[in-house]
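The values are calculated or read from the model by the stated rules, or taken from the named source; none is laboratory data. What you see is a predicted model, and the numbers here were worked out from it, not measured in a lab. Here the Cβ is made from the backbone with ideal geometry for all residues, glycine too, and neighbour counts use every protein chain on show.
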Amino acid sequence: MAATCVIGLQWGDEAKGKIVDILTERHDIVVRYQGGANAGHTVVYGGQTFKLSLVPSGIFRPQVQCVIAGGVVLNPASLIGEIEGLKARGVKVGENLLISDRAHVIFPWHFEEDRLLDVQCTSGEAIGTTLRGIGPCYRDKVGRSHAIRLGDLYRDNFRDRIAQITAAKNQIFSSFKASDNIKLLDAAKIHAEYAGFAEKLKSHVADTTAFLLDSVESGKRLLFEGAQGSLLDIDHGTFPFVTSSNSSGVGVSSGSGVPGRHITKVVGIVKAYTTRVGGGPFPTEQDNATGQHIRDRGNEYGTVTKRPRRCGWFDAVAVRYTARLGGVDVLAVMLLDVLSQLPEIEVCTAYELDGRRIAHFPSHVDDLRRVRPIYETLPGWQTEISDLRRIADLPANARKYLDRLSQLVGRPVEVVSVGPDREQTMFV
Ligand code: IMP
């Protein structure tokens, strides 16, 4: 009975895919349990670079069982595209991929709703979603009456469900302005398209909750692969500038059906700095030459949407909060090499709010918007480190930087990454 979780502790894009890929060797099953095709994981395997959105990174090892659990929202077209793309490049995708019949399905109306409704949130700022229909699909899941799960695609009343829902959605869409350019939904066309998707996915569809419970109870080693980061968690993140699922550690059980008591290790992934895509407060953001330097060095552009990521200093207040929230045991610090040329590096150790120093992460986004980060300045190391393979070989200032992050967050650093390749990874 053992399960490991890999979760991002910032606003996503912490390079979780690389750590999942490395840990996969020691696990029997890799599970995606929340989010959808808003996530983008880059995995370098066999000298080739793969971009995955829904398929767990364990897919490159044929002996590993990959599972897309019920907490995920599925865009079937994108999933099929991913599966076919992998097969075309020689990766085996067959019985080694199971998809939950409980996963909710994204339909064309969800894309339309994402486009129409992400106009503004609080203070007139848009959430800046990935426009992949994620929020609208989760909204329908919670609302229930307009929701369709993958298992429903194989039921006799599937055609009727599509007809009912498209009628309801068309009624809502008709109230939008002509300038919103809405194309009303065609039930027959959508049914035909999704019946085709259902056929293509059929061999993968299963009750993954039962499968995972049987597996974990019989001693199989599970690896949970979080998508996005903890600060984007719907309940515990920087609401409303979040995604619509539990992207912190709290989502593992609800998304997969596997109780928390089976989780024996939680690895929290952080970048050596911070990035964020989309709207919302970001106290340590460097909207200046330093931020641009980090963006250029770290190639900080969205995997899914290609948007430039907002870049800034490491925020230990935020990560201390998410490490505690996720029950994190150890940290993996990624992209340390990106900071190599900087003469000095700042780390946010506390915030100032209304003239008072605070050490906690504010629960209300308006307070987070008003905080002033309090920085500690550490000396940089100003030499390239991508070719180094042992932590002991890192320049003293790089080791001091890692020690300070660990101390501030309150968790040991177990892994340090200095480049995209597997070999560019150091273990304590
Ligand atoms: P949504 O998940 O498309 O609804 O987008 C909600 C917010 O989460 C936006 O700020 C997105 O930029 C952000 N987001 C969603 N997925 C990711 C991700 O994989 N990495 C980083 N940010 C993400």
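Computed values, structure above
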| quantity | calculated |
| --- | --- |
| Sole residue being assigned to a helix (DSSP H, G or I), under 28 Å from the mean Cα position of the chain (by Cα) and closer than 20 Å to Val242 by Cβ, chosen from Val319, Val304 | Val319 |
| Which listed residue is out of contact with any strand residue (DSSP E or B) (no Cβ under 9 Å at 6 or more places or on another chain) and away from the ligand (no atom under 16 Å from the Cβ), from Ile80, Ile127, Ile99 | Ile80 |
| Failed item, numbered, when Leu213 is tested on (1) surrounded by fewer than 20 Cβ atoms within 10 Å (Cβ to Cβ); (2) assigned to a helix (DSSP H, G or I); (3) hydrophobic (A, V, I, L, M, F, W, C); (4) within 16 Å of the ligand (Cβ to nearest atom) | (4) |
| Whichever residue in the stretch 288-313 is without any contact (Cβ under 8 Å) to a residue 24 or more places away in the chain and surrounded by fewer than 17 Cβ atoms within 10 Å (Cβ to Cβ) and, among such residues, is farthest from Ile234 (Cα to Cα) | Ala289 |
| Subset of the stretch 7-16 [on the phi < 0 side of the Ramachandran plot and either surrounded by fewer than 24 Cβ atoms within 10 Å (Cβ to Cβ) or out of contact with any strand residue (DSSP E or B) (no Cβ under 8 Å at 6 or more places or on another chain) (or both)] | none |
| Segments classed as strands (runs of 3 or more DSSP E), wholly inside the stretch 25-123, with at least 1 members that are farther than 17 Å from Ser203 by Cα and polar (S, T, N, Q) | 41-45, 48-52 |
| Answer from Leu405, Leu331, Leu342 - the residue that is modelled with pLDDT of 95 or more and part of a loop (DSSP other than H, G, I, E, B) | Leu342 |
| Hits in the stretch 10-24 - residues which are assigned to a helix (DSSP H, G or I) and either modelled with pLDDT of 95 or more or within 14 Å of the ligand (Cβ to nearest atom) (or both) | Lys16, Gly17, Val20 |
| Hits in the stretch 220-257 - residues which are more than 13 Å from the ligand (Cβ to nearest atom), on the phi < 0 side of the Ramachandran plot and surrounded by fewer than 24 Cβ atoms within 10 Å (Cβ to Cβ) | Lys220, Arg221, Asp235, His236, Val250, Ser253, Ser254 |
| Matching entry among Gly90, Gly135, Gly70 (being more than 14 Å from the ligand (Cβ to nearest atom) and crowded, with 21+ Cβ neighbours inside 10 Å) | Gly70 |
| Matching residues in the stretch 330-340 - criterion: being touching a helix residue (DSSP H, G or I) at 6+ places or on another chain (Cβ under 7 Å) and farther than 10 Å from Ala272 by Cα | Leu331 |
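For every residue, the table says whether it meets (1) touching a residue at least 60 places away in the same chain (Cβ under 8 Å); (2) closer than 29 Å to Pro240 by Cα.
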residue: Glu352; (1), (2): no, yes
residue: Asp367; (1), (2): no, yes
residue: Tyr375; (1), (2): yes, yes
residue: Pro379; (1), (2): no, no
residue: Ile391; (1), (2): no, no
residue: Tyr401; (1), (2): yes, no
residue: Arg422; (1), (2): yes, no
